[in-house]
Amino acid sequence: MAITGWIHPKRDLRDERPAVNAMTVALTAGTLRRDVVRLARHAAFAHLGLASGYADWRHPERPDPDLVLVIDGQLTNRGHLDEQLYGRARPLSADAEVLLHAYRTWGPGLVDRIDGAYAIAIWDNLARQLLLIRDPLGARTLFFTLVDGGIIFATRATALLAHPQVKPVIDADGLNELLTLGPVRTPGHGVLDEVAEVLPAEIIQAGADGLRRRSYWYLEADDPRPDAATAVQVVRQALAETTAAHRTRPAGAVLLSRGIASGAAAVYAAGTSGHRPAAWTLALTGPQDPPADGGADVDQAERVAEQLRLRHDVFAIDTDTLLDTAHAAREALDFPCEAGTDAVLLAGLRRIAAAGSTSVVTGDGANAVFGGYRWLHEPLTLATDDFPWPGVGDPAELLNADARRHLMPGVYRRHRYEQATLGVPHQAGADALARRRRTMAYLTLTRYVPYLLTRLGQLADAAGVTLRTPFADWLLAAYLFNTPTGLRHLLGIPNGLLRHAVAGVLPDETIWLRPRQFPSADLLHGWQQTRLDQLRDVLTDREAPLRPLLDRDRVTDLVTRPAGPGGERGTATVGYLLDVNAWLQRHHISLT
């Protein structure tokens, strides 16, 4: 679930238990759950939750461990690693133990041999070196800051604020990350002053000579794959290999909407020995039904479950449930995200956990790697030099003139966009349209996917379940990144390659259905009206940290519009501003 630590080459950290305990508490919004704190002279570590682990190795004549390793997340190639390291399977060994053996065998080169979703910290006491490692797609986060000659790290940036030497301050860049780019941040930016983030697929070595940063994987330009039959076969094989480890420990549930992504995920969720996970569909309910194309298609989801012989349950979520869940969803996340979908996801995952499931399979990631998102193929977004995902509208438009002069949000966004597109690996001979599509795909995989996966992971942690996303696989992403659009969209249909890969397994009518919007609370009239009322209260609350930055007239105009159909985008902006205000307030952030 989470890890944190403190390394200091000259300070005795055995006397620093209060600070380490405070960071551990902050990892779970004040609730300790199966936490373990280890203190040595120059290294302190803590981990908590079932999806984390600790291991150390020491010489019997030395008081402190020679090596310490903590991991948040899970490895997915344990069978291969066990065979390489031990010559046999070791199912009772924890991931942390295997990783420690891997480090002793390969040193920092272990990053080229492991697979999964993880954030790892390794302290080599003899070399006086700390290694920080993050998985290729950034499913798990890892933040750090340098203080007083030492280094502090945690899987939540806000947990670092519990350390007495880390100040709760945000400058103009940090505020722009929240209000101009948010909720999708710039990779590596920690939002808080002096806080940085380990990049996806990055290993950082911190020692006496400073920090050395190295990417161990990145998207590259490769020869395009023109053969449809081969591409379909490669996808089938890749998904089978990606989910092989999960089928030996099958998931208890799968989220099923009706779409091709969730249906295909369900196909690969079934385990060995006839195991069948429970299929769950999240549906919105209220006095006024959501739009016809919003939310899950329960009938189609039922057909998929019947074809795959899965027990199917529908969890109907009303406005009151979502409003009750909104606060917990806000606290589960390190940074403000998308309140409307966050509340639905957390409510659904809690219900699944209450039914006894500890792991859930979803189709998230498929639209990114197969190119199914609308912004990856719509002419308007392809013609626009900007980040393509819709996000939460444009919160910066509601800032007053002084705030806009200070932040210059348009300039900041343009700078970050140009910076992001510098590293796009284009294929030789590609025409202008192909280059634009490749740029949008690159931005989606390197910026949007880490945001999506970390957000889902933190909500799952809060619900007490482990989330499995078989399509969020870096090897599959690398293959499809170099697969021509015409192949990824076979027959001119988004996600056409994936649809062909599961043809004959899912109902025919499901395979070719158009995608639908995720069931967001922003579609419900009661939720919309409540959120508008809450933002109106911010305008009159002199203690609200966001109030001095808002344009009173623009916000008043927004909150006085009647809630109703078509207002979900405005409600998403309102919800995001409310969450930013609550985040600033909860962590006692000072703005500079």
Item to check | Listed residue (VAL20, TRP217, THR510) projecting farthest to the positive dipole end of the chain, Cβ model | outcome: TRP217
Next on the checklist: Between THR556 and ASP324, what is the label-point separation in nm under the 7 Å Cα-to-beta-carbon projection?
Outcome noted: 3.7 nm
Item to check | Heavy-atom accessible surface of the chain: percent carbon and sulfur, 1.4 Å | outcome: 50 percent
Checklist outcome for this item: Judged on accessible area alone, 1.4 Å probe, highest first, THR571, THR530 line up as THR530, THR571
Next on the checklist: From Cα pairs below 8 angstrom and at least 6 apart in sequence, can you work out the relative contact order of segment 27-175, rounded to a whole percent?
Outcome noted: 17 percent
Checklist entry - Given a 1.4 Å probe, how much area per residue of the chain is accessible, in Å²? => result 41 Å²
Checklist entry - On alpha-carbon atoms, Rg over Rh for segment 319-377 using Kirkwood Rh? => result 1.05
Next on the checklist: Students often check this: by mean Cβ neighbours within 10 Å, which of 437-443, 133-139 ranks highest, and how do the rest follow?
Outcome noted: 133-139, 437-443
Checklist outcome for this item: Expressed in Å to one decimal, the Kirkwood Rh of segment 312-435 from all distinct alpha-carbon pairs is 18.5 Å
Item to check | Extent along principal axes [Cα atoms of the chain; Å; largest to smallest] | outcome: 69, 60, 54
Next on the checklist: Rounded to the nearest 5, what % of DSSP beta bridges with both residues in the chain are antiparallel?
Outcome noted: 75 percent
Next on the checklist: With the crude spin-label approximation of a point 7 Å out along Cα→Cβ, what separation in nm comes out for ARG41 versus ALA221?
Outcome noted: 5.3 nm
Checklist entry - Say R0 is 30 Å: what FRET efficiency, to the nearest 0.05, do ASP431 and VAL411 get from their beta-carbon distance? => result 0.45
Checklist outcome for this item: Mean projected area (nm²) from the convex hull of Cα positions in segment 367-410 is 3.9 nm²
Item to check | Part-to-part distance (alpha-carbon centres) for segment 44-86 and segment 168-186, which is given in Å | outcome: 34 Å
Checklist entry - Which residues make up the longest stretch of the chain clear of GluC sites (Glu not before Pro) that lie in a DSSP loop with no more than 15 other Cβ atoms within 10 Å, not counting the sites? => result 221-542
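The values are calculated or read from the model by the stated rules, or taken from the named source; none is laboratory data. These figures come from a predicted structure and were not determined experimentally. Cβ: placed from backbone, ideal geometry, glycine included. Neighbour counts: every protein chain shown. The accessibility values were calculated without ligands, DNA or RNA, using every heavy atom of the protein model including side chains. Shrake-Rupley method; radii C 1.70, N 1.55, O 1.52, S 1.80 Å.
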